[in-house]
Structure formats: structure tokens, C-alpha cells
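Right, one structure below, let's go through it.
The values are calculated or read from the model by the stated rules, or taken from the named source; none is laboratory data. Remember, predicted model here, so these are calculated numbers, not experimental data. Every residue, glycine among them, receives a Cβ derived from its backbone with ideal geometry; neighbour counts consider all protein chains shown.
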Amino acid sequence: MFCWSAIVLLGCATDEDVGEVPPGCGNDVLEEGEQCDPPSDAGCSPACRIQPTHLNRCPELRFLFVAPRQTTVGQELILEAEVVDPDGDEVHIQWEAPGGLFEHAGQAETTYTCQEAGPRRLTVRFSDQRGCEAEDSAEVRCLP
């Protein structure tokens, strides 16, 4: 999954030739924040492209461990999520589920204690510092 956090690629030319640079126009590749040259005498718009510098790949779940998948109220489940970010961004993790308590809901390794009987969906949400989010979940059963 990819998240875009800025302009990707703009071709500047005349309105009729968007994406192509007409003869007599420049073809500079610019980094974000740089300015195009003023329009040329050839009557074209500034002919430059903004370099795609903000491609952000989402964090990826390598594995999700939940054991046991069935327990009784008051007993703990062991949870572990291995999440990596292909861009090397810092990853934030948050566990969520109704009817129970997490020992450390903001950590990759934690426990969940059932407080009510019934099926439970344990969800781990993960995001990078540039706002790309994903999640995964596992079903467990809490017995009386």
C-alpha cells in the first residue's frame, strides 16, 4: 500500500500539451519548494516538473501472534505484532478490543485479559510518522 503526502509529478506545458514540453520550453526537474522559471517567449507555461520526493510506503505487518485463541474470563492472552516500515520511519502501534484490558496497549508485545465472556476481535493498528495507517486483527473466544 502506498500513501501520497504531496504532489507526485506535474508536467508543465501549454494547456493543449499537458504532460509534454513544447519546443523552446525548458524541462527542469525541481525538488519540492523550488520555483519554475517564468513563462518563455514561446508562449508556454513554466516547463518544469516537481520531483516526487514524498512517496511514503505504509508500515507492514510481518506477523501477528495471539495465544491461546480461547481462554476463560480473568486469564491472559499473549499478543505480539512485528511491524516494519519499508522507508525506515518510526512506527506507532495501538491494540484495541472490547471486553478486556491490555497490559501495554501501545507496545508490540503485550497481554490481553478477558473481562467478559464472548467472542473478541483483537485489533492492532499501526502507523508511521508520515500518517500512513494500516491494521490487522485476530478473533479469540473468552469463556465464562
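Quick notes on this one:
- Close pairs (6 angstrom Cβ cut-off, 6 or more residues apart or separate chains): part of a strand (DSSP E or B) in segment 86-105, of a type in the set (Lys, Arg) anywhere: GLN94/ARG125
- Single condition LEU64 does not satisfy, out of (1) under 17 Å from CYS142 (Cβ atoms); (2) under 23 Å from the mean Cα position of the chain (by Cα): (1)
- When the residues of segment 114-136 are filtered to those that are touching a residue at least 40 places away in the same chain (Cβ under 8 Å) and small (Gly, Ala, Ser), the one that is farthest from PRO68 (Cα to Cα) is GLY131.
So that you can scan it fast, the table gives a plain yes or no per residue for (1) small (Gly, Ala, Ser); (2) within 13 Å of CYS58 (Cα to Cα); (3) modelled with pLDDT under 95:
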| position | (1), (2), (3) |
| --- | --- |
| VAL83 | no, yes, no |
| HIS92 | no, yes, no |
| TRP95 | no, no, no |
| GLU103 | no, no, no |
| TYR112 | no, no, no |
| THR123 | no, no, no |
| SER137 | yes, no, no |
| CYS142 | no, no, no |
